[in-house]
Amino acid sequence: MKYFRIPVVGLLGATLLLTGIQAASAHEAPGGAQAPLRTLADRADLRIGTAVDMAALADDTTYRRTTGREFNSVTAENVMKWEVVEPARGTYDWSGADALVRFARDRGQVVRGHTLVWHSQLPGWLTSGVADGSIDAAELRGILRKHVTTEVKRYRGQIQQWDVVNEVFEEDGSLRDSIWLQKLGLSYIADAFRWAHAADPKAKLFLNDYNVEGINAKSTAYYDLAKRLRAEGVPVQGFGAQGHLAIQYGFPGDVAANLDRFAKLGMQTAFTEVDVRMILPVDEEKPATQAAYFRGLLDACLGTRSCKSFTVWGFTDKYSWVPGVFEGQGAATLMDEGFGVKPAWGAVREGLAAGR
Ligand code: XIL
C-alpha cells in the first residue's frame, strides 16, 4: 500500500529520481520495445485511459495506433457532450460517439461516458430557450430527463463509468449557479442519477470535478453530497477527480486521504482528466516536476482499491486543450507534439509497473 502522505518531501524525492529518465526520440515507438501501459495497468488491476479527440483519431495514424496500443480505457473529449449529440432540438448526431464506442470495442477498451449534466457545452437551442423564457422549468426538467435517458440507453452495457454530473460546485463548496440549479433546484442532481441508473443499471455513475484531488472546501462539499445521496438511496457510485494540475500551483495535499474517505462511503474513485500544465517555455526542470505530479496522482490511485481508473486528458501535446484555454501555458501531457515520450511517460510507466 503506497500512500502519498507528505507531498512536498514525496515530490522532491520523485523529482530527483525522475531527472534521470530520458525522453525517447520523437521517432521511436512510445516506450520503445517496452510493454504498453495497458499491459502494466492490467497487471495492477487498473484502467489506464485517455481522452480521445475524434478528428485526430480519424486523421492521424500515429495518434490512432498509440491510443489503441497504450490505453485500455477511452473517454470522449467532446463527442458525447450535449451540444454535439443534439445540435438542434430533437435532431441527434451520434456519429462521433458511435465511432469511439466501436473503436473501443474493437480494441478491448472500456469507455468512460462524459458527460450528461454540465453547465458548459450545452446546445444553443437549450440555453437561448431558457434565457428567453420559451422553455420553462417544467419543460426543462423533461428535456433533461429525455437527454439523460436517451444517451445512456443508447450505450447501455457499453459504458463502464458515466460522469453523470460535472462541475456542480464552486471552489468555496457552494453549489454552482448553473441553469440547472436556478431552474430546477438541488433535486436535479439526484434526478439525473436516478434517470441514468434506470437507463443502464450496470454503469457506475460518477460525480466529477476539478480542484477536488485533495481535501478542500470543494471536495468536502462532494463528500457531504455523496454521503447524503447514498443515505437516501440515490444511485451514485463514484467520485471522479479530473486532475487538471499546474506545476506553478503546487501539488494538492491529502490526495490519498481524500480518495480514502470516498472509499469508506463504499464508492469507487477515479482520476478522470489528468494533465499537468506549466508556464511556457519548458526548461530543464519543469518536465521532472511534471513527472512527479503525474506519479503523485497515480500512486494515490494505486494506493486504494477504490480507484479503478486513471485517465489522462490527451496523451500528446499535439492535441492538448491546454494552450487554447490557459494563455501562455502548455506542454501538459505525457508526450510532446512529435509523440516523443517525456519524463512523465516514464513516471506513469514506472508507477504502473510497481503496481498496487
Ligand atoms: C474540454 C475539451 O478538452 C476541449 O476540447 C473543449 O473545447 C472544452 O472542453 N473539464 C471537463 C472537460 O470536464 O469536458 C473539458 O474538456 C476540460 C475541463
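Partner lysines whose Cα lies under 17 Å from the Cα of LYS183, excluding those fewer than 8 positions away in the same chain, are identified as LYS146. Alpha-carbon geometry of the stretch 231-351: the Rg and the Dmax are 15.2, 52 Å, given in that order. Dividing the helix sum by the residues of the chain, where each DSSP H run of 4 or more adds -39500 (n - 2.57), gives a mean residue ellipticity at 222 nm of -13000 deg cm²/dmol. Distance between the pseudo-spin-label points of ARG107 and ALA88 (7 Å out from Cα toward the beta carbon): 3.4 nm. Averaged over residues, the count of other Cβ atoms within 10 Å places the peptides 230-241, 157-168, 94-105 in the sequence 157-168, 230-241, 94-105, highest first.
Would you mind getting me the FRET efficiency between ALA257 and ARG64? Use the beta-carbon distance for r and R0 = 41 Å, nearest 0.05. Mind dumping the intermediate values first?
Working: r = 39 Å, r/R0 = 0.95.
Step by step, r from the Cβ atoms, then E = 0.60.
The HN-Hα couplings worked out from phi for the stretch 300-306 by the Karplus form 6.51 cos²θ - 1.76 cosθ + 1.60 (θ = phi - 60°) are 4, 5, 5, x, 9, 5, 5 Hz, whole numbers, x standing for Gly and Pro.
Close amide H contacts of VAL212 (hydrogens built in the peptide plane, cut-off under 5 Å, sequence separation of 5 or more or a different chain): GLN242, GLY243.
At a Förster distance of 51 Å, what's the computed FRET efficiency of GLN182 paired with GLN34, Cβ-Cβ distance as r, to 0.05?
The value I calculate is 0.50.
Protein heavy-atom accessible surface, 1.4 Å probe, per residue over the chain: 40 Å². Peptides 139-151, 283-295 ranked from most to least packed, by the mean per-residue count of other Cβ atoms within 10 Å: 283-295, 139-151.
With 32 Å as the limit on Cα-Cα distance, the pairs of LYS202/LYS264; LYS153/LYS342; LYS227/LYS318; LYS204/LYS286 that go past it are LYS153/LYS342; LYS227/LYS318; LYS204/LYS286. Here the Kirkwood formula puts the hydrodynamic radius of the stretch 121-160 at 11.3 Å, using every distinct Cα pair. When a 1.4 Å probe is rolled over the protein heavy atoms, the share of accessible surface on the stretch 9-354 that falls to carbon and sulfur comes to 51 percent.
The values are calculated or read from the model by the stated rules, or taken from the named source; none is laboratory data. Fair warning: this is a prediction, and the values are worked out from it, not measured in the lab. Cβ coordinates were reconstructed from backbone atoms using ideal geometry, including for glycine residues, and neighbour counts include every protein chain displayed. The protein model used for the area step is the full one, side chains on, heavy atoms only, and it has no ligands, DNA or RNA in it. Shrake-Rupley method; radii C 1.70, N 1.55, O 1.52, S 1.80 Å.
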